[in-house]
Structure formats: structure tokens, C-alpha cells
Amino acid sequence: MDNPGAETLAAGPVRRYDAIIVGAGFSGLYQLYQLRDRLGLSVRILEAADGVGGTWYWNRYPGARCDSESHYYCYSFSRELDEEWQWTERYPEHTEIRRYLDHVADRFGLRSDIQLGTRVTGAAFDDHAGRWTITTQAGERFEARFLITAVGCLSTANVPAVAGLESFRGQWYHTGRWPHEGVDFTGRRVGLIGTGSTGIQAAPVIAEQAAHLTVFQRTANYSVPARNGPLDDEFRAWVRANAQDLRRKAQESSNGHPFDIPERSALEVSPQEREAIYEAAWQRGGLRFRATFKDLLLDQAANETASEFIRAKIRSIVKDPETAAKLTPTDHLYATKRPPIDTNYFETFNCDNVRLVDLKATPIESIMPEGVRTRDTTYPLDVIVFATGFDALTGPLLALDIRGRGGQALKDVWSAGPRTYLGLQTPGFPNLFTITGPGSPAVLTNMPVAIEQHVEWITQCIAHLRDCGLSRIEATPEAASGWVAHVNEAAEATLLPMASSSWYLGANVPGKPQVFMPYAGGMHHYRTICDRVANAGYQGFALR
Ligand code: N01
């Protein structure tokens, strides 16, 4: 490497490193640890926020907690870290995840190499020097041989361009940029727009405090109870005793959860047996509901049995039949959009201070000074909460204004949708690695499992370059074309592309190319492909 182990201050204001990492969430922290402590490189993380945590730094909305269970929504690379950290709840709340990541940053001495409050606004590759120049909002400049984006998949807030928002007399917030001091809803009339995982988590908590809550729903959603609760010592001891097995199971699974997925079809058991299996999964709670049968995302008729089970639950929980009908999804199948889990979401609509507005029947026309105006009514509000999701996967990357060889902009190269090889690299952008980018399993997995795989692969790849006296790696156009075709093929083999309103397809952001972005072939399969590519001398990449 150019300056192994040391930061070099070149003449002028440019600071040089072996690698610059953008983002200090789960992926950035681990990537720093690997490159600095395992390879001895000089590395700096540039992070826009004033603290570590990535997604969890920003998502502090009421009810924000992880949908993966705490004992596997965490790193697995350090046994000591596992042994010293104690999770308190089945699903960790955002505060607890931030405490965990703060602990990781301290425990591994990472903070000295993290520069907070630093928003990257540009990155350009100098073909002659073979280096990236990274610029920040404050006008700082950095140079590095490797640029690694660890910007998360769901970090660019999607605030719909509703006419009149600026005229609103009350306060409005997006859940993904929640104020640190919190929001007091006491005595206030709140409008919540959006019923994805976030809106479904937030609605019951807001309803408990607010004078009145109006939920504006565009697409009705399926949700399964989370059944959150405190963890006890017996469970923690079980996790400790089975840590290796849990880790192996998560790594060998299709989506990074340590679940046993039975080798049975939903269609090969009797209706009574199927009902009993769904009922047990409903009582147990969580994303494991999706793992009750092997074919819920492969066979429409099999999926319909799960979808109908949840629809019946909604009808049985929600007392007002008209509200229940509006809350019942009919335009897509269960889990073809990211499945939420909840604590009393459907029950919330039985409260006197909660009402549901079906935006399919009466779309929002504008925001007025006094509230939200739909086609037939104005709803007076003091606070509007946008739980309207993110410009997922590509949004955070394009915001960096990355320019590769010959000055070509990533946004132009991806104008018809992302084109990557393994989700790790894009032709024309040498030495740029993307952690959990489009074309990788990313958002279809329990993220820490996908992140650890990516970080370790990138680290091994950079070590390989160094050991071979090479300085550059770039995906070939042929390999990227082949991979894009494979990503499409993998999606088409599932029911996932059938949900036309899914953010997996970019459908939630007006004007975004509609392409199925994550790799649906399974994390275990993806890991095997990445290992095979590396073992074959980085097949599909040009090295020099
Ligand atoms: O966002 P979403 P989210 N007018 O895009 C609606 C992760 N997550 O923040 O479905 C009116 O899913 C939109 O309607 P439609 C998780 O991966 C993780 O809830 O597009 N409504 C939808 O109802 C999740 O999937 C955890 O028709 C508009 C909602 O807003 C991802 O984040 C917790 C609208 C947006 O739903 C995103 O979830 C929470 C408009 N103009 C979230 N635009 C964990 O536990 C959008 N909507 C880790």
C-alpha cells in the first residue's frame, strides 16, 4: 500500500489515506476495524452525523426498534464482544442499538479514525494517479486508493413533494430524521402518512400519547405481531451456549436469520394442520412467520394461504368492519413487500382517538396551513409525521456524486437502474466498493450477516491486491451485464417482483427507474458465488 499504517499530510490541504470509508454504521465500523487492525492500512471514516450508528443514529421515531431479534442483529466476529454485551429485549430499541454501536466504537478504539459531522459531497477517480479524491460539504479534501461506501440502504429520506407543505402551520417530521429531543404529542392532533414497517411501529405509540391520530394509508399492509418482551438470563445462557450454531445457521440461511425452514410446502399439509402452523407462528411472533413453509415466496397458491390467514386475523382484530376492510391488503401477497412486525398495530384502530384514511379512495391533494387535504375532506392537524420511507439502495450512493474513470457520473451510468457486479463494484469505478449495495442480498437479509460477509470479502480482496503487488481492481462490463441478468433472473424466480408498490423496485420514489434492486437468490448462495469468484483469482474483475 502507499502509506501503510500512517496518515500522510501531503502538501496543501489534501489528506491521504489508503482507504476512505463513508459512513459509521454497522458496516463502516467493521470495515474500519478490518482494514486498520487486520491489514494495518491508514483508514478514515467520514460520517455526516454527529455520532456513530448509521441508520440508527437517525431513526429515533416513537416505537423504532429492530425487526430482527437482538441476539442475531449484532456482529458475530468477536467472541469477547458477544460475551460482554447483554441485550435487554427480544427486539432491541433504537437507543439500545446505538449504545451497542457506541460500545463497539470504544471497545475497538475506532473513534480516533472516525471524523463525525462530515458530509461527503463528491468523489472523483484520478485515472492517472489511480486514486480517489473525496470532497466534503465543508470543503475538505481527502485522497485514497480505495473508497468504500458504507452508507446504508435506507438512509435517504423520501419526503413526498406534496403541494403546500411549506404552508403548514404545525410541525412536520420524517421518521428517518427524527429530532434528538423527541416530539411531545400530548394533546395534539397528529397525521401519520405511510404504513410500511415504520408507520406500523409508530402508530400505536403515537396514538397512546396524542389527542387524536389520523393514519393516511396508501397501500394496506400485512403485519404479524412481534411479541416483544424482556430477555431473561436463561435465554441469554441458551444463546451463549449455542452461539456457534446460531452463527452457522444464520450464515447458511437464505436471509441471514438463524431459522430452520422446514422442507414442506404450504400446499402439502391439510388445511387444519396449516392453520395450526400459522397460528403457532402468529403466537410466537416475528419474521419467523415467513419461514413456516419453504414456498411462501415461490408459489402464489402457497403464499395465498398465509396471506389469507393474516387477512382473517385483521378482520378478527379490527372491530369496525369498514376499517377492517380498508386495512386488509388485497393488491399484493404477504412478504412480497418487506413484511413489518408490530405491537398492537391493528388493535390501535379500535381506539376512539384513531381514524384511518384510505388514500386509494381519496388521495392527498395538498397540505393546507391547517392540515392535510384529500380529494373530499380537510383533516385539521397540529403535527404531520411522514413515515414515507426512503430512496432505497441507490439514493444514498447517488447523493455522494461519485465520478469514475473519464469523469463519468454514477448517476448517469445507473440512469436506467443500478448496474453492479455482485453488488460490490460498478465498471468504470475502480477501487470503489459498496457494502450492501444494489445487486447484493442487502435488504433481503438480516443486515449484520450481509455486512460481515461483504466487509470480510472486501478486506480479503484488498489484501490480495497488496500481496500480489497490484493497486487496482475494477469489475468488467461483461461481468456486470451477466450479474444484472442474474439478479433479474433470481427475482423472477420468486414472487417478489409482483408487488408493484414495493420499494425493492424503486416504486415509492416518483421518477426512479423501476428495477428489482436486491439480489433475491439467497445470502448462502451469494456467499458461495463471492467465494468462488475470489478463489478463481477475482473472476470478472480486471486487476492491475
Ligand atoms: O418505508 P416504506 P418504511 N403518499 O417504504 C407510503 C426498514 N425498517 O420507513 O406502499 C402517501 O416501507 C407507502 O405507501 P406505498 C424495513 O426494511 C426496518 O416504513 O408505497 N403515502 C408506505 O405505506 C422497511 O421496509 C426496521 O403505497 C406514501 C409508506 O409510506 C424499510 O425500512 C424498522 C407516499 C412507506 O413505507 C422502509 O420502511 C422500520 C405518498 N406520497 C423500517 N409515499 C427494522 O426493524 C410513500 N408512502 C430494522
Among the residues of the range 385-429, what is the count of those that are within 16 Å of the ligand (Cβ to nearest atom), under 27 Å from Gly130 (Cα atoms) and either outside any loop (DSSP other than H, G, I, E, B) or of a type in the set (Phe, Trp, Tyr) (or both)?
3
If I filter the range 274-297 down to residues being out of contact with any Lys or Arg (no Cβ under 9 Å at 6 or more places or on another chain) and among the charged types (D, E, K, R), which single residue comes out as surrounded by the fewest Cβ atoms within 10 Å (Cβ to Cβ)?
Glu279
Matching residues, the range 274-288, being part of a loop (DSSP other than H, G, I, E, B) and touching a Pro at 6+ places or on another chain (Cβ under 7 Å):
Gly285
Inside the range 101-143, the number of residues satisfying the requirement of being outside any strand (DSSP E or B) and closer than 14 Å to Gly404 by Cα is 4
Filter the range 303-326 for residues that are over 12 Å from Asn350 (Cα atoms), in contact (Cβ under 8 Å) with a residue 24 or more places away in the chain and not basic (Lys, Arg) and give the result.
Asn303, Glu304, Thr305, Ala306, Ser307, Phe309, Ile310
Could you grab the pairs with beta carbons closer than 6 Å, sequence gap of 6+ or different chains, first residue in the range 363-390 and closer than 29 Å to Arg338 by Cα, second one assigned to a loop (DSSP other than H, G, I, E, B) and away from the ligand (no atom under 16 Å from the Cβ)?
Val383/Gly170; Val383/Arg188
For the range 347-357, how many residues meet the condition of being assigned to a loop (DSSP other than H, G, I, E, B) and farther than 17 Å from Arg311 by Cβ?
4
Criterion (open to solvent by 40 Å² or more (accessible area, probe 1.4 Å) and within 27 Å of the chain's Cα centre (by Cα)) met by exactly one of Ala387, Ala399:
Ala399
Inside the range 477-512, can you point out the residues that are outside any helix (DSSP H, G or I), of a type outside the set (Ser, Thr, Tyr) and either under 25 Å from Tyr222 (Cα atoms) or in contact with a helix residue (DSSP H, G or I) (Cβ under 9 Å, 6 or more places away or on another chain) (or both)?
Ala493, Leu495, Ala499, Gly506, Ala507, Asn508, Val509, Pro510, Lys512
Regarding the range 113-127, can at least one residue be identified that is closer than 20 Å to Arg38 by Cβ and of a type in the set (A, V, I, L, M)?
yes
Scan the range 448-457 and tell me whether some residue there is in contact (Cβ under 8 Å) with a residue 24 or more places away in the chain, surrounded by fewer than 24 Cβ atoms within 10 Å (Cβ to Cβ), part of a helix (DSSP H, G or I) and within 16 Å of the ligand (Cβ to nearest atom).
yes
Confirm whether Ala325 is part of a helix (DSSP H, G or I), over 27 Å from Tyr91 (Cα atoms) and away from the ligand (no atom under 16 Å from the Cβ).
yes
Look at the range 122-147 and say how many of its residues are exposed (fewer than 15 other Cβ atoms within 10 Å of the Cβ) and within 16 Å of Leu398 (Cα to Cα).
2
Look at Phe185 and say whether it is away from the ligand (no atom under 16 Å from the Cβ), in contact with a strand residue (DSSP E or B) (Cβ under 7 Å, 6 or more places away or on another chain) and at negative phi.
yes
Of the criteria (1) in contact with a Phe, Trp or Tyr (Cβ under 7 Å, 6 or more places away or on another chain); (2) free of Cβ contacts under 8 Å to residues at least 60 places away in the same chain; (3) open to solvent by 10 Å² or more (accessible area, probe 1.4 Å), which one Gly540 fails
(2)
Residues of the range 161-204 being part of a helix (DSSP H, G or I) and open to solvent by 60 Å² or more (accessible area, probe 1.4 Å), in sequence order, are Glu166, Arg177
Per the filter on the range 30-65, residues open to solvent by less than 10 Å² (accessible area, probe 1.4 Å), among the hydrophobic types (A, V, I, L, M, F, W, C) and either within 16 Å of the ligand (Cβ to nearest atom) or over 23 Å from Thr135 (Cβ atoms) (or both) are Ala64
Can you spot a residue in the range 128-138 that is among the aliphatic types (A, V, I, L, M), within 16 Å of the ligand (Cβ to nearest atom) and modelled with pLDDT of 95 or more?
no
Please enumerate the residues belonging to the range 67-88 that are open to solvent by less than 10 Å² (accessible area, probe 1.4 Å) and of a type outside the set (Ser, Thr, Tyr).
Leu81
Just to be sure I understand, how many residues within the range 239-273 are open to solvent by 50 Å² or more (accessible area, probe 1.4 Å), assigned to a loop (DSSP other than H, G, I, E, B) and of a type in the set (A, V, I, L, M)?
2
Could you tell me how many of the residues in the range 358-384 are open to solvent by less than 20 Å² (accessible area, probe 1.4 Å) and outside any loop (DSSP other than H, G, I, E, B)?
6
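For every residue, the table says whether it meets (1) surrounded by fewer than 20 Cβ atoms within 10 Å (Cβ to Cβ); (2) among the basic types (Lys, Arg); (3) within 11 Å of the ligand (Cβ to nearest atom).
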| site | (1), (2), (3) |
| --- | --- |
| Ala493 | yes, no, no |
| Ala499 | no, no, yes |
| Ala507 | yes, no, yes |
| Pro510 | yes, no, yes |
| Pro513 | yes, no, no |
| Met517 | no, no, no |
| Ala520 | no, no, no |
| His525 | yes, no, no |
| Thr528 | yes, no, no |
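The values are calculated or read from the model by the stated rules, or taken from the named source; none is laboratory data. Remember, predicted model here, so these are calculated numbers, not experimental data. Every residue, glycine as well, gets a Cβ built from its backbone with ideal geometry; the counts of neighbours run over all protein chains shown. Only protein heavy atoms, including side chains, enter the accessible area calculation; ligands, DNA and RNA are left aside. Shrake-Rupley method; radii C 1.70, N 1.55, O 1.52, S 1.80 Å.
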